[in-house]
Amino acid sequence: MPSISDVLIRDGKLGAQRSSCPLYVTFEEFDGEMHVCLATRGAATRAKPDQNSQTTQLDRDAARKLFEILRDGFGFE
């Protein structure tokens, strides 16, 4: 699985969200660098429930950029 090394803002609209799910956050060290892993799991109604559905790994720089985007977008202080 590739590690995300940059985070970019793109204009667009979100489609209708039909369901919700928790996001699992894990911190792991790879090759001496800390990464954050963001993962969702399949819904109970899927063929393979509770299996990782989408997973994204961010290195430190990408995590900082995502933090800044979220802070600015939501007005966090």
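The values are calculated or read from the model by the stated rules, or taken from the named source; none is laboratory data. Quick caveat: nothing in here was measured; it's all calculated off a predicted structure. Ideal geometry is used to build each Cβ from the backbone, glycine not excepted, and the neighbour counts take in all protein chains shown.
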Return the total of residues in the range 2-35 being surrounded by 10 or more Cβ atoms within 10 Å (Cβ to Cβ) and polar (S, T, N, Q).
3
Please tell me if ASP72 is at pLDDT 85 or above and of a type in the set (D, E, K, R).
yes
Residues of the range 24-54 satisfying the condition of being of a type outside the set (Gly, Ala, Ser) and modelled with pLDDT under 90:
PHE30, ASP31, THR40, ARG41, THR45, ARG46, LYS48, PRO49, ASP50, GLN51, ASN52, GLN54
Members of the range 50-65 found to be surrounded by 11 or more Cβ atoms within 10 Å (Cβ to Cβ) and not hydroxyl-bearing (Ser, Thr, Tyr), listed by number
ASN52, GLN54, GLN57, LEU58, ASP59, ARG60, ASP61, ALA62, ALA63, ARG64, LYS65
Which of the residues that make up the range 1-57 are acidic (Asp, Glu) and touching a helix residue (DSSP H, G or I) at 6+ places or on another chain (Cβ under 8 Å)?
ASP6, GLU33
If you go through the range 36-49, how many residues are under 16 Å from TYR24 (Cβ atoms), among the polar types (S, T, N, Q) and loosely packed, with under 14 Cβ neighbours inside 10 Å?
0
Wholly enclosed strands (runs of 3 or more DSSP E) of the chain bearing at least 1 residues of a type in the set (Lys, Arg) and touching a residue at least 12 places away in the same chain (Cβ under 8 Å)
33-41
